[in-house]
Amino acid sequence: MDIKGTCISSTADEHGPVYVYQTRTSRILSFDGKIYQSCMKLNDVNGLALGYTQAMMAGLLFIPTLKTATVMGLGAGSMVKNLLSSFPELNVHAIEYREAVAKTAKEYFYLPNTSRLFIHIDDAMNHMKNCNMKSDIIFSDLYNSEGMEPKQVQSTYLRNCKKSLNKQGVLVLNIWHTTPKLREELDELLALEFENQLLSFEVESGNTIILAFKNDIPLIKKEELLTKGNWLQEKMNIPMERYAKLLSDTLAL
């Protein structure tokens, strides 16, 4: 089904087209004119319009002190903008393979020009292989017009992400539109590389969000998790209490 709205920008690079659509209330990034890569509400340019991006922020519930975040796959910059606007002291590193996508995010999606944002035009696997910086949290949302990037289902990529996390760090993966075989392979790799220190939950959109912990899953009591969820909800203006309750029920502490 084609995206409804007016196409206000159409560019292309060696990897294919980059479209920007606009409706009365939203601006949408797409690589094929059919699937949303990112969506921005015009009355809330720093918000998270898509449910799965809100759900990915559940990883923050387990980060004691947030100083550095890495976003694998910039897209239109929705997660980057929300993080920067919610946490004034936070530095964010965004890794984007396509310079055309980063340019579009700046021109059409109000990606800020700030010294706290570092954009790396690089292949995700190559960047993580050579990364010598530690992050408190890594968000991995690597997709192209055909679905999930195979890079997310490689042991070396997952291992390098784990290596690049701080002691209490979390890798957050968005899994969507995968074949049963690919999902089974990813589950096996994650269990091996992260020694089964994993939490996951489903989102209404059909996405699965996986939290992979560098070390043991923190022993957080339900009351503490709900309090953290309420605090994050106020700061980020997204329904974090919902995910805190969901994860506290999973942990059953």
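No other residue among 91, 113 is over 19 Å from residue 237 (Cα atoms) and without any contact (Cβ under 8 Å) to a residue 12 or more places away in the chain apart from 113. Can you find a residue in region 102-121 that is surrounded by 20 or more Cβ atoms within 10 Å (Cβ to Cβ), in contact with a helix residue (DSSP H, G or I) (Cβ under 9 Å, 6 or more places away or on another chain) and part of a helix (DSSP H, G or I)? Scanning region 102-121 turns up at least one residue that is surrounded by 20 or more Cβ atoms within 10 Å (Cβ to Cβ), in contact with a helix residue (DSSP H, G or I) (Cβ under 9 Å, 6 or more places away or on another chain) and part of a helix (DSSP H, G or I).
For the condition touching a Gly at 6+ places or on another chain (Cβ under 8 Å), in a helix (DSSP H, G or I), over 16 Å from residue 56 (Cβ atoms) and not aromatic (Phe, Trp, Tyr), residue 245 qualifies.
Taken together, the residues in region 1-57 that are of a type in the set (Ser, Thr, Tyr) and without any contact (Cβ under 8 Å) to a residue 24 or more places away in the chain amount to 7.
Looking across region 74-98, the residues that are farther than 21 Å from residue 26 by Cα and in contact with a strand residue (DSSP E or B) (Cβ under 9 Å, 6 or more places away or on another chain) come down to 87, 90, 91, 92, 93, 94, 95, 96, 97, 98.
Just wondering, is there one or more residues in region 147-154 that are buried (at least 16 other Cβ atoms within 10 Å of the Cβ), assigned to a strand (DSSP E or B), in contact with a helix residue (DSSP H, G or I) (Cβ under 8 Å, 6 or more places away or on another chain) and modelled with pLDDT of 95 or more? Scanning region 147-154 turns up no residue that is buried (at least 16 other Cβ atoms within 10 Å of the Cβ), assigned to a strand (DSSP E or B), in contact with a helix residue (DSSP H, G or I) (Cβ under 8 Å, 6 or more places away or on another chain) and modelled with pLDDT of 95 or more.
Just one of the numbered conditions (1) surrounded by fewer than 22 Cβ atoms within 10 Å (Cβ to Cβ); (2) part of a strand (DSSP E or B) is not true of residue 24: (2). Would you confirm whether or not region 52-59 contains a residue that is of a type in the set (Phe, Trp, Tyr) and either under 30 Å from residue 250 (Cα atoms) or surrounded by fewer than 21 Cβ atoms within 10 Å (Cβ to Cβ) (or both)? There is at least one residue in region 52-59 that is of a type in the set (Phe, Trp, Tyr) and either under 30 Å from residue 250 (Cα atoms) or surrounded by fewer than 21 Cβ atoms within 10 Å (Cβ to Cβ) (or both). Residue count for region 60-75 under the criterion of being assigned to a loop (DSSP other than H, G, I, E, B) and either crowded, with 24+ Cβ neighbours inside 10 Å or at pLDDT below 95 (or both): the result is 5. The number of residues in region 192-229 that are in contact with a Ser or Thr (Cβ under 9 Å, 6 or more places away or on another chain), among the polar types (S, T, N, Q) and touching a residue at least 24 places away in the same chain (Cβ under 8 Å) comes to 1.
Residues in region 1-21 that are surrounded by 13 or more Cβ atoms within 10 Å (Cβ to Cβ) and in a loop (DSSP other than H, G, I, E, B): 3, 5, 15. Residues that are modelled with pLDDT of 95 or more and closer than 19 Å to residue 57 by Cα number at least 3 in the following strands (runs of 3 or more DSSP E) confined to region 165-239: 165-175, 208-213.
The values are calculated or read from the model by the stated rules, or taken from the named source; none is laboratory data. As the structure is a computational prediction, the values presented were derived from the model and not from experiment. Note that we place each Cβ from the backbone using ideal geometry, even for glycine, and neighbour counts take in every protein chain shown.
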